[in-house]
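Colleague: Take a look at this one; I'll ask things after.
Since every read-out is calculated from the coordinates, none of them should be taken as a lab result. From a predicted model like this one, the values you see are computed outputs, not experimental measurements. Because the Cβ atoms are built from the backbone with ideal geometry, glycine has one as well, and the counts that use them run over all protein chains shown.
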Amino acid sequence: MKVSIGSDHRGLEQRKVLASIIESSGHELDDQGSFSKESVDYPDIAQVVCGRVTSGESDRGILVCGTGIGMSIAANKLNGVRAALCNEVSAAELSRQHNNANVLCLAGNDFDAEEYGRIVRAWLATDFEGGRHARRVEKIGELEC
């Protein structure tokens, strides 16, 4: 699976940890930055990563900003994106099983590398259940403008 990742300046160090987790899990990494601590606007990063997911260049995306909220809001403005802000393993699993989330958003604040690893590995390993959930995901798509 090819995974695009991106962060604003507040998620720079966390993104480096994400890269290691993704590669050690046997997935292909597509790192879209940012690559310095200089301030950047998170919607710009979200647009690039999500564009790679919706175009099919990547299978999934992961975004990091200070709280994860800004990235989540920006990502969900883009057609075809189902971004989920997850701060625990069960939420990550359910976002895949029930919502077929194709973008994971994480908070850079209060960063815990071990918990990041558990969340990201669970999210990458969990499949969409389909069934009744497919109907609901389809309805979400119909809401797009």
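Colleague: How about Lys139: which lysines have a C-alpha closer than 25 Å to its C-alpha, ignoring those fewer than 8 places off in the same chain?
Modeller: Output for Lys139: Lys77.
Colleague: Specify the angular offset, from 0 to 90 degrees and rounded to the nearest 10, of the alpha carbon long axis of helix 113-125 from the longest principal axis of the alpha carbons in the chain.
Modeller: 30 degrees
Colleague: Can you figure out the FRET efficiency of Leu143 with His98, using R₀ = 22 Å and their beta-carbon distance, to the nearest 0.05? Show your work: numbers first, answer last.
Modeller: Working: r = 16 Å, r/R0 = 0.75.
Taking R0 as 22 Å, the efficiency between Leu143 and His98 is 0.85.
Colleague: Where a Cα-Cα gap under 23 Å defines reach, which lysines qualify for Lys16, not counting those fewer than 8 residues away within the same chain?
Modeller: In chain and number order, the partners are Lys2, Lys37.
Colleague: For the ranges 114-122, 2-10, what's the packing order if you count other beta-carbon atoms within 10 Å of each residue, average per peptide, and put the highest first? Intermediate results must be reported in sequence, preceding the final value.
Modeller: On the way: 114-122: 17.3, 2-10: 24.2.
Averaged packing, sorted descending, gives the order 2-10, 114-122.
Colleague: By per-residue mean of other Cβ atoms within 10 Å, what is the highest-first order of 95-104, 25-34?
Modeller: 95-104, 25-34
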